[in-house]
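All of the numbers you see were taken from the coordinates with simple rules; none came from a lab. All values reported here derive from a predicted model rather than from experimental measurement.
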Amino acid sequence: MTAQRGLLETLSKTPVIPVISLNSASDAIPLARALAAGGLSVIEVTLRTAAALDSIRAIAGEVEAVEVGAGTIIEPRQLEAAMRAGARFAVSPGYTTRLLDAAETSEIPLLSGVSSASEALGLIERNYQLAKFFPAESAGGVDFLASLASPLPQLKFCPTGGITRQSAPRYLELTNVLCVGGSWMAPRDLVSARDWASITVASRAAAALTSVRQRQGMSSKTALLT
């Protein structure tokens, strides 16, 4: 599991990973602090905007309470760029052979995306034990992930894509789900308004979903560590 060293510990720190896209790096630090104040200590900044790497660099350098990752990794060169910016982990919507090959020698762990059983098998063949399930809601949602638990028990997931505050608990109740990714606690309108207080309130409610994950006994983490 060289390409995922330390990733289990990171994903186990929070039930919800905020997935954010920033158009201005000036918003990165106050947003990260607002999320952390609500109890969300792991966040993903997507590489979908020109401000993404600068935002990651700012958070990594100024907000010690947060582990920041880089999302939307689709090319090997982005792994190096993310690592140099200070990202602690990388997230991809899917994978290619080139990307997985690059991850094997990269110093930054990769959470690779899958949306089918065949793609999941491809990661298992590479000794991956953790995967992003994307786009979660449109690719089969809770029912699809539940159906993978028995045939593929060695792979645990962080579903992302279309997940809301209302649907998140259903995912977290699954034994093969470690956490979920979502953006509902930091929607664009609140970020644009710089309404950090409201973001903290929403983050606190998301962090409270830890109790849902605890009810399923954290058996997923135990299985991976043994």
Given the rule -39500 (n - 2.57) for each run of at least 4 DSSP H residues, summed and divided by the residues of the chain, what is its mean residue ellipticity at 222 nm, to the nearest 500 deg cm²/dmol? -11500 deg cm²/dmol
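So what's region 13-54 giving for Cα Rg divided by 2.2 N^0.38 Å, two decimals?
Working: Rg = 10.2 Å, N = 42, 2.2 N^0.38 = 9.1 Å.
With N residues counted in region 13-54, Rg over 2.2 N^0.38 Å equals 1.12.
Over all directions, the average projected area of the alpha-carbon convex hull for region 1-74 comes to how many nm²?
Details: hull surface 20.1 nm².
That works out to 5.0 nm².
Let me know the Kirkwood hydrodynamic radius for region 32-88, please, with Cα pairs as the basis and the value in Å to one decimal.
On the way: mean 1/r = 0.0891 Å⁻¹.
So the Kirkwood estimate lands at 11.2 Å.
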Kirkwood hydrodynamic radius, region 6-127, all distinct C-alpha pairs: what's the number in Å? 14.5 Å
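How large is the direction-averaged shadow of the alpha-carbon convex hull of the chain, in nm²? Don't skip to the answer; put the middle values down first.
Values: hull surface 43.3 nm².
So the mean shadow area of the Cα hull is 10.8 nm².
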What share of Cα pairs, in percent, lie more than 19 angstrom apart in region 59-118? 28 percent
